[in-house]
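Engineer: One structure is given below, represented as C-alpha cells, and several questions about it will come after.
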Amino acid sequence: MSGVARGIRGVAAVAVLAAAGTGVAPGWADEGVPGAGVEPAVAGLDRSGSVGLALIADDRSPMPGEEAVFRATVVNDGGTRVKGALLAQHVSEELEIVEAGEGVLAGGVVNWRVDLSHGQEAEFALRVRVPAGAVAGDRLTSTACLLLDRDADPTSCARDTLVVGEPTVMSRVEAFVGAGSVRVAGAALGLTLVWLLWRARRTGCP
C-alpha cells in the first residue's frame with residue numbers, strides 16, 4: 001500500500017473517530033496525491049470514473065487577512081447510488097479554517113459524508129482566512145480527495161491554489177483604522193463638501 005493511500009485511509013479513520021469524539025489527528029500531506037497537480041481550470045470535473053470531483057476557489061487572489069471559500073463539487077454520473085462515501089479536504093497549514101458547514105474537522109483535515117443518487121451533485125464549501133502576515137505571491141493550496149470506499153484508495157482528487165494579492169493603499173488604511181472608520185470618514189468628507197458648495201451658492205461666491 002502506498003504512503004498516500006495509507007494517509008488517505010487514515011483520514012477516513014479520523015472522520016469516524018472524530019465523530020465519536022476521539023479527535024485523533026492523521027499524518028496526511030497532499031504531496032504526491034494522484035491528480036493533485038492538475039489545476040481545476042484545466043481538469044474541470046474528473047469524470048474518469050462514475051463519480052466526478054472538482055475543487056475551485058471563489059477568489060484565487062485574496063489579500064492578507066481576507067477570507068476565501070473553496071467549493072468542492074461531487075457529481076454522480078454512475079448508475080448506482082453513492083452512499084457513505086467520504087470527501088476529505090486538506091489546506092495549507094498557514095490557512096485558518098473559519099467554517100466548514102457540516103464537515104468534521106480533525107487534525108487540519110475536514111471530512112464530509114457524501115450520499116448521492118444517480119444524476120445528483122452536491123457542493124461542499126470550506127471558508128478559510130489568509131494570515132494577516134502573508135506576503136503577496138504566497139501560494140496557499142487545498143487538496144480534496146473522494147473515497148467511495150473508506151478502506152480503498154481515493155477515487156479522484158482535485159486541487160486549487162490561492163495566490164496572495166498585493167494589498168492596495170485603501171486596504172492598508174482599512175486594516176490600520178478599521179473599515180467602518182474609513183467608511184464613516186468618507187461619508188463625513190462628502191457631507192462637508194456638499195455643505196461648502198451650498199454655502200458658496202448662498203453667499204454668491206464664485
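The values are calculated or read from the model by the stated rules, or taken from the named source; none is laboratory data. What you see is a predicted model; the values in this text were computed from it and never measured. Quick reminder, even Gly has a Cβ in these numbers, built from the backbone with ideal geometry, and neighbours come from all protein chains shown.
Engineer: If you check Gly107 against the conditions, is it farther than 30 Å from Glu166 by Cβ and touching a Pro at 6+ places or on another chain (Cβ under 6 Å)?
Structural biologist: Judged against the criteria, Gly107 is a match.
Engineer: In segment 110-145, which residues are of a type in the set (A, V, I, L, M), under 21 Å from Val164 (Cβ atoms) and in a strand (DSSP E or B)?
Structural biologist: Once the filter is applied, which keeps residues that are of a type in the set (A, V, I, L, M), under 21 Å from Val164 (Cβ atoms) and in a strand (DSSP E or B), segment 110-145 yields Ala125, Leu126, Val128, Leu140, Ala144.
Engineer: Related question: Answer yes or no: is there a residue in segment 154-165 that is modelled with pLDDT under 95 and either touching a helix residue (DSSP H, G or I) at 6+ places or on another chain (Cβ under 6 Å) or not small (Gly, Ala, Ser) (or both).
Structural biologist: Yes - at least one qualifying residue is present in segment 154-165.
Engineer: Looking at segment 191-201, can you tell me whether even one residue there is surrounded by fewer than 15 Cβ atoms within 10 Å (Cβ to Cβ), modelled with pLDDT of 85 or more and not in a loop (DSSP other than H, G, I, E, B)?
Structural biologist: No, segment 191-201 has no match at all.
Matching residues to (1) modelled with pLDDT of 85 or more; (2) closer than 16 Å to Glu123 by Cβ:
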{"site": "Trp28", "(1), (2)": "no, no"}
{"site": "Val33", "(1), (2)": "no, no"}
{"site": "Leu45", "(1), (2)": "no, yes"}
{"site": "Asp59", "(1), (2)": "yes, no"}
{"site": "Gly78", "(1), (2)": "no, no"}
{"site": "Val91", "(1), (2)": "yes, no"}
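Engineer: Restricting the search to segment 79-100, which residues are over 26 Å from Leu162 (Cβ atoms) and either in contact with a Phe, Trp or Tyr (Cβ under 9 Å, 6 or more places away or on another chain) or buried (at least 18 other Cβ atoms within 10 Å of the Cβ) (or both)?
Structural biologist: Val82, Ala85
Engineer: Still on this structure, I have one more. I need the full set of residues from segment 58-72 which are buried (at least 18 other Cβ atoms within 10 Å of the Cβ) and outside any loop (DSSP other than H, G, I, E, B), in order please.
Structural biologist: Ala68, Phe70, Ala72
Engineer: If you go through segment 113-154 one residue at a time, how many are surrounded by fewer than 12 Cβ atoms within 10 Å (Cβ to Cβ), under 18 Å from the mean Cα position of the chain (by Cα) and not basic (Lys, Arg)?
Structural biologist: Total satisfying the criteria: 3.
Engineer: Exactly one of (1) closer than 15 Å to Ala144 by Cβ; (2) assigned to a loop (DSSP other than H, G, I, E, B); (3) touching a residue at least 40 places away in the same chain (Cβ under 8 Å) is unmet by Glu94. Its number?
Structural biologist: The number of the failed condition is (1).
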